[in-house]
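K.L.:
Mind having a look at this structure? Questions to follow.
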Amino acid sequence: MTGPDRPPRPAPARRPRWGLRLGTGAAVLVLAAGGIGHALVTGLESNIQRVDAFEGLNDRPRGSDGMNVLLVGTDGRDKISLADRRRYQLGGAPCHCTDTMMLVHLSGDRERASVVSLPRDSYARIPAYTDRRTGERHPAHPQKINAAYAEGGPSLTVRTVEHMTGVHIDHYVELDFTSFIRTVDVVGGVEVCTRRPLRDSHTGLDLAAGKHTLDGGQALQYVRSRHLDGAADLSRMGRQQRFLAALLRKATDSGVLLNPVKFNKVATTMLGSVRADRGFGTLELVALGRAMRGFTPSSSEFASVPLRDASHHVPGVGSTVRWDKAGAARLFKAIRQDRPLAVRRPARKDSSPAVVEVAPSRIRVEVVNGTPAEGLGAEVARQLRANGFATTGSAVAAPAPVRRTVISYDPGWDRSARSLLAALPGAELRAAPGQGPVLRVTLGTDHRGVHRVRAQRPDRSGSGYGAVTGDQVDCG
């Protein structure tokens, strides 16, 4: 733990709080997503390991309406058998760092939940702290955000996130690989659908295009894979968010959640791998599960931090991800003020889709939000995916607002650019020699929605330009 010695804080009054976690484990949500009541989950919290995530913290942001939970997934694998470690390529020693980190906001009226992914390689300044084991004082220093856990455990992780976001963290929940595998297996697997083959030699993921029902180990490979395209962790975050939504949807239809005896048995097993702060209990579990019960893969309340630079080199640290300060500030201000994250703009409701020369599934698109509307980039990326375009991970923020929507493209991909233009009527086409196969859309304040398109002929080739993201889509 970190920070100076302080007298123990008095136990907080019991009130509806909450908790969760994605990517590396969503057991907590699954236990509540089916509308499970207080009576069924009472007593299960005794299986949760407790951690002093707020011990010694000072100079914290002020609390605000709603509740905020930091959800941390670690690479712990102690309870996974050697055979499964080999099968799912979980060899090597764990780094004892965070594999996934999310900030979840539950609105004050408990009707809305928002999830913000924090890239694991985000550039951070770890605040000054004292190592409680050795007494050594460490000054503030640059590092990747996921290293805060390795240096000072949960409390330094909470402190670092609070300093970066200005958001007061009310609860801390931590799960490992074991929790995630058990959760997916207990609901009978989760279905995903990919437009492209997904292969990653680092995790062993190998999926053909189409529908697949993944067991726990395969699902772990799916949400861990960072080498499917050039977007690395940014693409992985979007995949994790969509998988969580699919997992929640499966949980609400699962017989496990309707059978009190089976529910209690599996819940006891899953929660044995959960660590949380001492204030996280039954009321928190039920409140969060109910708020997220209606999440879908296209939910506007999934977001990631806007980025300025996805490959910023820091001496002694390596390649980091730099946040867009203005965009991130707007995002976290919305959380502090208990407001929805995204401003939705409806797509044009033309009677029929435009016919395009190149199938959308062959066109890779990067979306850049050049408007003041927080979340618009993510929403347009979602609409383009719904039209079949292969978007490259999370949308990023432009350095400054722009008025005109621009599609920049390498002249060698001019037919793809014209096909994308049909989905974004009114945009300006701008040639960018040497840009390569990825088309870049910079949204301006003139953006008025995404028009539906379809290819002249169905795309059955299963091939595209270079590496593709294989973004998950809804399976009908």
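Just so it is clear, none of the values below were taken in a lab; they were calculated from the coordinates. Note that this is a predicted model, so its numbers are computed, not measured. Because the Cβ atoms are built from the backbone with ideal geometry, glycine has one as well, and the counts that use them run over all protein chains shown.
K.L.:
Measuring from a point 7 Å past the Cα of ARG86 along Cα-to-C-beta, which residues in the range 186-213 have an amide N at less than 17 Å?
P.N.:
Flagged as within label range: 204.
K.L.:
For SER304, which sequence-distant residues (separation of 5 or more, or a different chain) have an amide H within less than 5 Å of its own amide H, given hydrogens modelled in the peptide plane?
P.N.:
Distant-sequence amide H within range of SER304: SER117.
K.L.:
Beta carbons within 10 angstrom, averaged per residue: use that to sort the peptides 352-365, 369-382, highest first. Mind dumping the intermediate values first?
P.N.:
On the way: 352-365: 19.1, 369-382: 23.1.
Ranking the peptides 352-365, 369-382 by packing returns 369-382, 352-365.
K.L.:
Please list, ordered by chain and number, the residues whose modelled amide H lies under 5 Å from the amide H of ARG404; skip anything fewer than 5 residues away on the same chain.
P.N.:
It is THR445, by chain and number.
K.L.:
Classify the range 378-448: rounded, prolate or oblate, from the alpha-carbon gyration tensor (a ≥ b ≥ c, eigenvalue square roots; a/c under 1.5 rounded; otherwise prolate if a/b is larger than b/c)?
P.N.:
Values: a/c = 1.36, a/b = 1.15, b/c = 1.18.
Note, shape of the range 378-448 comes out rounded.
K.L.:
Can you classify the range 80-159 as rounded, prolate or oblate using the Cα gyration tensor, where a ≥ b ≥ c are the square roots of its eigenvalues, rounded means a/c under 1.5, and otherwise it's prolate if a/b beats b/c and oblate if not?
P.N.:
On the way: a/c = 2.12, a/b = 1.03, b/c = 2.06.
The shape class here is oblate.
K.L.:
Near the amide H of ALA397, under 5 Å away, which other amide H atoms are found, from residues 5 or more places off or on another chain, if H is placed in the peptide plane?
P.N.:
Those lying under 5 Å, H to H, from ALA397 are LEU307, ASN369.
K.L.:
In nanometres, what is the gap between the two model label sites at ARG133 and HIS312, each 7 Å from Cα along Cα-to-Cβ?
P.N.:
A separation of 3.0 nm, rounded to one decimal place.
K.L.:
Calculate how many DSSP beta bridges within the range 354-455 are antiparallel, expressed in % of all such bridges and rounded to the nearest 5.
P.N.:
Details: 3 of 20 bridges.
The answer is about 15 percent antiparallel.
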